[in-house]
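Everything below concerns the one structure shown next.
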């Protein structure tokens with residue numbers, strides 16, 4: 001029985017690790033997605049203004065996507081019209097009640113979104129976005145590429161979970177030129193990782209085998225190490241380090257870790273498309289809270305040790321910082337203590353030290369000392385006596 005409880009506890013720990021991994025994955029993707037979204041928005045507006053000879057300051061905040069008339073026109077006869085961009089039930093074919101953008105910009109943005117949606121046929125999720133914001137807010141355009149409900153209130157990449165960010169990377173062709181992975185291939189890495197959130201947070205057992213959890217984490221690392229741009233971004237690689245730490249045997253899940261998992265499940269509940277899924281997640285959250293209470297009792301000695309190690313590490317860090325500010329600061333002019341101070345490392349010059357040794361014919365030779373251990377050891381054994389000779393002020397001390 002004790003072995004079974006330990007096994008369940010370990011599998012639960014692996015499940016929590018995988019959930020924390022999703023949070024770290026999001027941390028690594030948010031800055032990248034924000035930057036590319038800004039670039040895309042700038043390019044869209046420059047292209048439209050240039051093509052239509054519009055003023056560089058023109059914007060619009062009056063159009064609604066449900067009543068907006070696109071710039072493109074349908075093809076076919078009066079009895080059978082189809083969208084030339086391939087969108088099913090496109091507004092271009094149902095123009096009754098549709099209004100052209102008064103500023104001549106939103107219809108062109110609508111066309112751009114359809115043309116750059118990677119699904120076939122293109123299927124932007126218009127309900128996630130507010131067309132009134134298209135000309136001023138980059139993220140409002142990105143929301144159209146998140147093909148799942150519940151993201152209309154997410155006003156930035158930081159408010160969007162990693163599933164939504166992966167939707168954007170997979171569905172937005174503009175983003176494709178910034179990643180090396182071919183997301184159009186079946187079972188590509190980005191699509192696999194997008195599915196992991198459902199696999200993890202819709203698990204009724206709240207358990208994972210270690211090999212499965214580590215496989216999930218490895219794929220998350222693979223996304224953040226995509227060779228086109230993400231691999232070169234420091235923010236993405238900081239997240240990679242956090243993911244790698246999750247796989248260490250001695251990794252300890254803190255109270256903050258539990259709270260992060262609860263936050264993510266709550267976020268899932270907010271985005272739940274059906275009442276059934278909402279109730280399923282609600283029951284899962286209740287079970288998770290009970291599990292946390294149990295583990296906090298069982299792991300209290302471990303938690304205390306973790307808190308002690310954390311406090312010790314912080315004290316060491318503060319002590320080092322204090323040394324750098326005080327003891328390692330010296331006057332630039334030794335005989336004038338009140339002169340401007342700088343770091344000891346900036347003015348220290350390593351002295352040249354020569355060691356006397358006997359040659360084969362008992363002659364004395366001088367050899368430059370390369371390491372300090374050469375001064376204090378001989379043939380691997382410590383020297384009993386060491387004499388240092390030099391002129392005054394040469395740095396013998």
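Take the residues in the range 116-142 that are outside any helix (DSSP H, G or I) and touching a strand residue (DSSP E or B) at 6+ places or on another chain (Cβ under 8 Å); name whichever of them is nearest to residue 152 (Cα to Cα). Applying the filter and picking the extreme gives 124.
So that you can scan it fast, the table gives a plain yes or no per residue for (1) closer than 24 Å to residue 35 by Cβ; (2) in contact (Cβ under 8 Å) with a residue 40 or more places away in the chain; (3) crowded, with 22+ Cβ neighbours inside 10 Å; (4) in contact with a helix residue (DSSP H, G or I) (Cβ under 9 Å, 6 or more places away or on another chain):
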position: 95; (1), (2), (3), (4): no, no, no, no
position: 101; (1), (2), (3), (4): no, yes, no, yes
position: 106; (1), (2), (3), (4): no, yes, yes, yes
position: 116; (1), (2), (3), (4): yes, yes, no, yes
position: 131; (1), (2), (3), (4): yes, yes, yes, yes
position: 147; (1), (2), (3), (4): yes, no, no, yes
position: 158; (1), (2), (3), (4): yes, yes, no, yes
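List the number of the failed condition for residue 313; all other conditions in (1) modelled with pLDDT of 65 or more; (2) touching a helix residue (DSSP H, G or I) at 6+ places or on another chain (Cβ under 9 Å); (3) more than 30 Å from residue 270 (Cβ to Cβ) hold. Residue 313 satisfies all of (1) modelled with pLDDT of 65 or more; (2) touching a helix residue (DSSP H, G or I) at 6+ places or on another chain (Cβ under 9 Å); (3) more than 30 Å from residue 270 (Cβ to Cβ) except (2). Kindly establish whether residue 52 is touching a residue at least 24 places away in the same chain (Cβ under 8 Å), touching a strand residue (DSSP E or B) at 6+ places or on another chain (Cβ under 8 Å) and surrounded by fewer than 20 Cβ atoms within 10 Å (Cβ to Cβ). Criteria not met by residue 52.
When residue 46 is tested against (1) farther than 19 Å from residue 143 by Cα; (2) buried (at least 16 other Cβ atoms within 10 Å of the Cβ); (3) modelled with pLDDT of 95 or more, exactly one condition is not met: (2).
For (1) at pLDDT below 70; (2) under 30 Å from the mean Cα position of the chain (by Cα); (3) over 30 Å from residue 17 (Cα atoms), each residue gets a yes or a no:
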residue: 265; (1), (2), (3): no, yes, no
residue: 269; (1), (2), (3): no, yes, no
residue: 302; (1), (2), (3): yes, yes, no
residue: 306; (1), (2), (3): yes, yes, no
residue: 328; (1), (2), (3): yes, no, yes
residue: 333; (1), (2), (3): yes, no, yes
residue: 358; (1), (2), (3): no, no, yes
residue: 362; (1), (2), (3): no, no, yes
residue: 366; (1), (2), (3): no, no, yes
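Restricting the first member to the range 261-280 and to residues that are at positive phi and loosely packed, with under 12 Cβ neighbours inside 10 Å, and the second to residues that are modelled with pLDDT under 75 and part of a helix (DSSP H, G or I), no beta-carbon pair is closer than 7 Å while six or more apart or on different chains.
Sub-6 Å Cβ pairs linking a first residue in the range 200-213 that is under 16 Å from residue 266 (Cα atoms) to a second residue that is at pLDDT 90 or above and surrounded by 13 or more Cβ atoms within 10 Å (Cβ to Cβ), at least 6 apart or interchain, are 200/18; 200/19; 206/15, ordered by first then second residue. Condition check for residue 81 on (1) touching a helix residue (DSSP H, G or I) at 6+ places or on another chain (Cβ under 7 Å); (2) modelled with pLDDT of 95 or more: one failure, at (2).
Within the range 19-29, does at least one residue satisfy the condition of being at pLDDT below 95, crowded, with 21+ Cβ neighbours inside 10 Å and over 15 Å from residue 166 (Cα atoms)? There is at least one residue in the range 19-29 that is at pLDDT below 95, crowded, with 21+ Cβ neighbours inside 10 Å and over 15 Å from residue 166 (Cα atoms). All of 257, 222 fail the test of being touching a residue at least 60 places away in the same chain (Cβ under 8 Å) and either surrounded by 18 or more Cβ atoms within 10 Å (Cβ to Cβ) or under 18 Å from the mean Cα position of the chain (by Cα) (or both), apart from 257. Those helices (runs of 4 or more DSSP H) of the range 147-254 in which at least 1 residues are closer than 22 Å to residue 291 by Cβ, considering only elements entirely within it, cover 189-201, 210-224, 234-246.
When the range 33-49 is filtered for residues that are in contact with a helix residue (DSSP H, G or I) (Cβ under 6 Å, 6 or more places away or on another chain) and either within 15 Å of residue 105 (Cβ to Cβ) or free of Cβ contacts under 8 Å to residues at least 60 places away in the same chain (or both), the ones remaining, listed by number, are 41, 44, 48.
The values are calculated or read from the model by the stated rules, or taken from the named source; none is laboratory data. All values reported here derive from a predicted model rather than from experimental measurement. Ideal geometry is used to build each Cβ from the backbone, glycine not excepted, and the neighbour counts take in all protein chains shown.
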